[in-house]
């Protein structure tokens with residue numbers, strides 16, 4: 001972006017155009033304000049957002065499974081809560097976010113196969129939520145809000161300008177965390 005000599009840098013940055021950044025399954029994205037980071041299809045998966053209200057840097061991680069130690073030959077740490085959450089924190093730091101400022105929010109962890117034997121479905125959603133909470137506590141990140149459980153998929157949107165997280169769930173009113 002070109003900055004006119006009469007404008008301050010702060011004003012020019014504030015006028016930057018916002019983008020919608022998509023996060024796929026077993027993926028994460030980080031961005032400074034004024035972007036929105038969005039993930040679709042949080043069924044048993046869990047979305048984890050980190051936001052630093054001082055630097056206005058945020059990130060969203062879409063985890064599929066709770067624990068990487070149950071797998072060998074794993075090549076995608078963002079797929080797992082135990083590896084993806086610390087990775088997200090590291091990447092937020094690269095863009096200027098400070099651990100002491102980070103606010104975390106989570107969503108997802110639904111039981112998408114109601115009526116099936118719980119032993120067959122392995123309660124992946126519930127285990128994802130439990131592991132996300134555990135890892136956040138272990139690394140000293142405060143969980144500010146959660147919208148978890150149930151039996152419906154969700155869309156999660158992080159606004160890096162405000163830190164608001166919007167949750168859209170089919171058949172229910174939109175909510176802000």
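Quick one: 169, 17, fewest Cβ neighbours within 10 Å first, how do they rank?
17, 169
Roughly what percent of Cα-Cα pairs across the stretch 36-177 reach past 22 Å? Walk me through the numbers before you get to the answer.
Details: 3474 of 10011 pairs.
So the pairs more than 22 Å apart make up 35 percent of the total in the stretch 36-177.
Would you list 52, 67 from fewest to most Cβ contacts within 10 Å?
Going from least to most buried by this count: 67, 52.
Just rank 90, 56, 134, fewest to most, by other beta-carbon atoms within 10 angstrom.
With the sparsest Cβ surroundings first, the list reads 90, 134, 56.
I'd like to compare 32-38, 57-63: which one has the highest average count of other Cβ atoms within 10 Å, and what's the full order after that?
57-63, 32-38
Values in this text are rule-based calculations from the coordinates and carry no lab data. Since this is a predicted model, take the numbers as computed values, not measurements. Methodologically, a virtual Cβ is constructed for each residue, glycine included, from the backbone with ideal geometry; neighbour enumeration extends over all protein chains shown.
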